[in-house]
1. Kindly provide the set of residues from the range B:140-152 that are under 23 Å from B:Ser111 (Cβ atoms) and without any contact (Cβ under 8 Å) to a residue 24 or more places away in the chain, ordered by number.
2. Please find, within the range A:105-139, the residue that is farthest from A:Glu65 (Cα to Cα) out of those that are touching a His at 6+ places or on another chain (Cβ under 9 Å) and not in a helix (DSSP H, G or I).
3. Take the residues in the range A:287-297 that are among the acidic types (Asp, Glu) and either crowded, with 17+ Cβ neighbours inside 10 Å or in a helix (DSSP H, G or I) (or both); name whichever of them is nearest to the other protein chains (Cβ to nearest Cβ).
4. Suppose we filter the range A:276-286 for residues that are part of a helix (DSSP H, G or I) and either more than 7 Å from chain B (Cβ to nearest Cβ) or touching a strand residue (DSSP E or B) at 6+ places or on another chain (Cβ under 8 Å) (or both); how many remain?
5. Report yes if some residue within the range B:162-179 is closer than 24 Å to A:Val289 by Cα and more than 15 Å from the chain's Cα centre (by Cα); otherwise report no.
6. Being part of a helix (DSSP H, G or I) and modelled with pLDDT of 95 or more is true for just one of B:Val64, B:Val89. Which residue is that?
7. Please identify the pairs in which a residue from the range B:87-107 that is within 17 Å of B:Ala171 (Cα to Cα) and more than 14 Å from every other protein chain (Cβ to nearest Cβ) has its Cβ atom under 6 Å from the Cβ atom of a residue that is outside any strand (DSSP E or B) and charged (D, E, K, R), counting only partners at least 6 apart or on another chain.
8. Scan the range B:237-257 and report the pairs whose first residue is at pLDDT 95 or above and whose second residue is of a type in the set (S, T, N, Q) and crowded, with 19+ Cβ neighbours inside 10 Å, with Cβ atoms within less than 8 Å and a gap of 6+ or a chain change.
There are 2 protein chains.
Amino acid sequence: MVIECVPNVSEGRRPEIVAAMAEAIRAIDGVRLLDHSSDASHNRSVFTLAGDAAGVERAVLALVERATADIDLRTHRGEHPRMGAVDVVPFVPIEGVTMAECVALARKVGSEIASRFNVPVYLYEEASNDPARKNLEDIRRGEFEGLAAKMAKAGWAPDFGPAAPHSSAGATVVGARMPLIAYNINLATNRLDVAKKIAAGIRHSSGGYRYVKAMGIMLEDRGIVQVSMNLTNYEKTPIFRVFETVKREAARYGVQVLESEIVGLVPSAALNAAAEFYLQIEGFKADQVLEHKLRHE
Amino acid sequence: MVIECVPNVSEGRRPEIVAAMAEAIRAIDGVRLLDHSSDASHNRSVFTLAGDAAGVERAVLALVERATADIDLRTHRGEHPRMGAVDVVPFVPIEGVTMAECVALARKVGSEIASRFNVPVYLYEEASNDPARKNLEDIRRGEFEGLAAKMAKAGWAPDFGPAAPHSSAGATVVGARMPLIAYNINLATNRLDVAKKIAAGIRHSSGGYRYVKAMGIMLEDRGIVQVSMNLTNYEKTPIFRVFETVKREAARYGVQVLESEIVGLVPSAALNAAAEFYLQIEGFKADQVLEHKLRHE
């Protein structure tokens, strides 16, 4: 049984804080810290853990404990939208576990976070039953600064926890979903409007691909802009199609793609699909990959 | 300990013969048949086995027994150069085994093939100590039809076995090497000269990339041509660079790349490198691949 969990926390500038969080996760049995990365522009870090339900639960609670103690959103600044010290906690079925089991785990952990740390919790994606509160962006809209006012409105009482934001830790979103790819494309320009227009054209909400979330942001430290994306179903909306579209759209503005980056983990099938596309490989089968064949024969 | 072995046999048109060979391999303990593919144009099949030294040895001998019984080179026609019913038997170190151990195995198996089946055997690549007899193409030049005359010449006595070709099975080349990628690019044209010129430009022997062997052939059944290649060091001469060069060279003749194919197995690192190139991924690490991380954490 392998459950993946990919908590995003609102700290990406103080390496010692992030390191303490990583250590807190590593100290837990039954779970492995597969990866973590921090983005100073976003002022955000992403941890990737994997293990059984009990281990993953313990690790998330240890992480929330550290984040609630060390992060104060009242002084937090960064390019990435955020509502909580621990902003989002998705559970992902990887092997030997169903989505339903991950949904149950999300609800259990969400309830624990709320009661233990007095932080309001919203369920999202597969763990949510309310279409208005399924999408992370809809729940997070208004961010930390707008949260008190939002929570006072009808329809925005949290799924667990207090009816008002935690004064320094905000609120946390917890849920279950399929694996996604956090994928950023950096453009060789400082024109933020270009990145924003491309993001608007490529994301589902404003007319783009069905399984793409995107926003345009400025990378202040580098003087360039970024189309920052989540690819929420890499089988149906593949990474190479998104890349080619962004590249073509950027060319309309006389702008080149400088580079791209994958944040955290990526399923090998997504990279294989890109190789297959660009190399025009006919008849390719997953079990032609040597490492795959050796494990599954 | 995992040793890979990739015997190429001169039969690609009679599926029942090939199936019998696959069965003979599967019947052996300690070895797995990972893959096999046949090419009717080439009139050749490639088997990919993996296991420990003893299992791989037994499987190869079982394969040679079947091939020697079922293939008669005197009536064999096909696009791919061949010298033996079993044309070449490379051993490849994959895990927990050194090249030196694979060389020793190649010499042992080469000697067995010669004595058991009365087939002359030449050692090649890492198993050969003679620079004139290291490269498969140099040993195979003249093919089956020119073998008797070649073996009469100084410097071409085999490493094991009789001093003249086996009347129906020719001679077999046995050795050890690093993993290679069998990679073909099909062009949307029937002009064989185009494929031959591109192959000449891309292969090391006539001025091309260091780790590429290539030839241009006609696919009679489809009326198109193919640049048929072995990429002998995919880390140093990557698949994407070869593809892009073939594509550009074909454009010089007004010809498009129709498709490409990978024959047999390909290391995941080769596909990842292609994805990284085309998607312009910066800072990519092998352990960002989910399946890799889960196995190696």
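1. B:Ala148, B:Lys150, B:Ala152, listed by residue number.
2. Taking the candidates together, the pick is A:Pro120.
3. A:Glu291
4. 3
5. The answer is no, given that none of the residues of the range B:162-179 is closer than 24 Å to A:Val289 by Cα and more than 15 Å from the chain's Cα centre (by Cα).
6. The match here is B:Val64.
7. Sorted first by the residue in the range B:87-107, then by its partner, the pairs are B:Pro90/B:Arg177.
8. Pairs found: B:Phe243/B:Ser260; B:Val257/B:Asn186.
The values are calculated or read from the model by the stated rules, or taken from the named source; none is laboratory data. Quick caveat: nothing in here was measured; it's all calculated off a predicted structure. Neighbour counts run over all protein chains shown; Cβ positions are idealised from the backbone, glycine included.
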